[in-house]
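To keep things clear, I will list the structure first and then write my remarks on it.
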């Protein structure tokens, strides 16, 4: 089943890549990890949660360790759409960019439209997993640790672990 899972993960990556993006600009990075990288990520999530005293990193890390593949999506070197719309909380796109800094878990602020792009890409990806009945769950905590490990480059990272079992490992946790 691992080959099937990897094929579905690659199809999810295609869905994320071809998802609509604001102003037709694509700042989404995509990576599929399997095998030892998945185990490393799960173990590091548990470790990070304990070290930082953060809730549910252990639970999610255990889910990741039991997954067959993980799809990583990130916003990388994203530029605002330069419409000065204020959706990011700043009056102008240039003002937003002046406040950009590295946070503990993510960098920002980021253009709200780029965050929407990431959400649409995620939705397209998990819809694809659903079409093939592959269990999955969008995980914020997974993205934090994947970013810290350098598994994917980006200011904001989200992950989707994948599993094929008789009952989803991502629920009733």
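Derivation of every value follows stated rules applied to the coordinates shown; laboratory data play no part. Since the model is a prediction, treat every value here as computed from it, not as a measurement. Methodologically, a virtual Cβ is constructed for each residue, glycine included, from the backbone with ideal geometry; neighbour enumeration extends over all protein chains shown.
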Filtered residue count, segment 131-166, keeping only those that are part of a helix (DSSP H, G or I), more than 18 Å from residue 35 (Cβ to Cβ) and out of contact with any strand residue (DSSP E or B) (no Cβ under 8 Å at 6 or more places or on another chain): 3
Report the residue count in segment 28-64 for those that are surrounded by fewer than 17 Cβ atoms within 10 Å (Cβ to Cβ) and closer than 15 Å to residue 163 by Cα. 4
